[in-house]
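Comments concern the structure below.
The values are calculated or read from the model by the stated rules, or taken from the named source; none is laboratory data. Everything quoted here is computed from the prediction, not taken from an experiment. All Cβ positions, glycine included, derive from the backbone under ideal geometry; neighbour counts span all protein chains shown.
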Amino acid sequence: MTMDAQRIKDDDDAIRAALTALKTTTGIPVAMYGTLIADNRVQITQWIGLRTPALQNLTLDAGAGVGGRVVSTRRAAGVSDYTRANTISHEYDKQIQDEGLHSIVAVPVIVNREIRGVLYVGVHSPVRLGDKVIEEVTMTARCLEQDLAVNIAMRSNEGAGERAGAKSGRQMSGAEWEQVRSTHSKLRMLTNRVDDEELRKELEQLCEQMVSPVRVKQTTKLSARELDVLSCVALGHTNVEAAAEMGIGAETVKSYLRSVMRKLGAHTRYEAVNAARRIGALP
């Protein structure tokens, strides 16, 4: 796979994960991503929950519709009745009607001060999407921005290494990297079950070694228990499942998670995991 093809795949994977997470956390049936292309136009390139092909791969002119407004203002926008909204233009009302969408919220995705795209959610009924939904879309957009920024940084580092003539082995695929992350989380859980103090310290050192290649200067100090909770969250465990895995109460898990989110400045579990990975606390 060429570097450009890998770049597109990495970014597409991050976008797909964001759409899936957004649909799961909000319960809203439609989630879409529009990529910014030439002349400030937006093309719908990924979607979940669309009933018809009306919006699939649709290219929106600069400033047109909700997406165009978001790009021009660099701010989130929403309408509860798209075809009657007086805050947007209506070049694409027919496509919206064909799909049957009514309420839409859109948020810009900005990386390194440049708009990369627009994250949308929508429903097929004329109901107002509340502040909680808007906040969740915004938080998911922020997490996606971080993922895309990490991809850019990793590609930049790889390119710098190649230019310096550094020998590089085969790059791990996304699936292989996820296996590393899963193994790290499971190893931390195994460490908690070990009574032998010396063996437990050796296992903890192995966990440290798994993240040391990607570690950056860490100004936020997380406790061992907080890392254990995050490791469970990274595996997709609920609070109850994490509590059972760690042998503690669900309320205690919540307390650790609140502490982690406060330290990392995160607003959601998903954002906390990403923030921990950025500082090298998780692989």
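Laid out as a table, the results:
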read-out: Any hit, the stretch 236-248, residues being closer than 19 Å to Ala18 by Cβ, buried (at least 19 other Cβ atoms within 10 Å of the Cβ) and either without any contact (Cβ under 8 Å) to a residue 40 or more places away in the chain or of a type outside the set (Asp, Glu) (or both); value: no
read-out: Residue match in the stretch 56-75 (condition: assigned by TED's automatic domain parsing to the domain that holds Val121, farther than 22 Å from Lys94 by Cβ and within 20 Å of the chain's Cα centre (by Cα)); value: yes
read-out: Subset of the stretch 108-128 [in contact with a Gly (Cβ under 6 Å, 6 or more places away or on another chain) and either over 17 Å from Arg16 (Cβ atoms) or surrounded by fewer than 22 Cβ atoms within 10 Å (Cβ to Cβ) (or both)]; value: His124
read-out: Hits in the stretch 235-263 (condition: in contact with a Ser or Thr (Cβ under 6 Å, 6 or more places away or on another chain) and modelled with pLDDT of 80 or more); value: Lys263
read-out: Conditions (1) surrounded by 15 or more Cβ atoms within 10 Å (Cβ to Cβ); (2) over 23 Å from the mean Cα position of the chain (by Cα); (3) of a type outside the set (A, V, I, L, M, F, W, C); number of the one not met by Lys23; value: (2)
read-out: Only listed residue being without any contact (Cβ under 8 Å) to a residue 40 or more places away in the chain, surrounded by 15 or more Cβ atoms within 10 Å (Cβ to Cβ) and under 16 Å from Leu144 (Cβ atoms), chosen from Val105, Val70; value: Val105
read-out: Leading residue by the ranking (surrounded by the fewest Cβ atoms within 10 Å (Cβ to Cβ)) among those in the stretch 29-67 that are assigned to a helix (DSSP H, G or I) and touching a residue at least 12 places away in the same chain (Cβ under 8 Å); value: Asp39
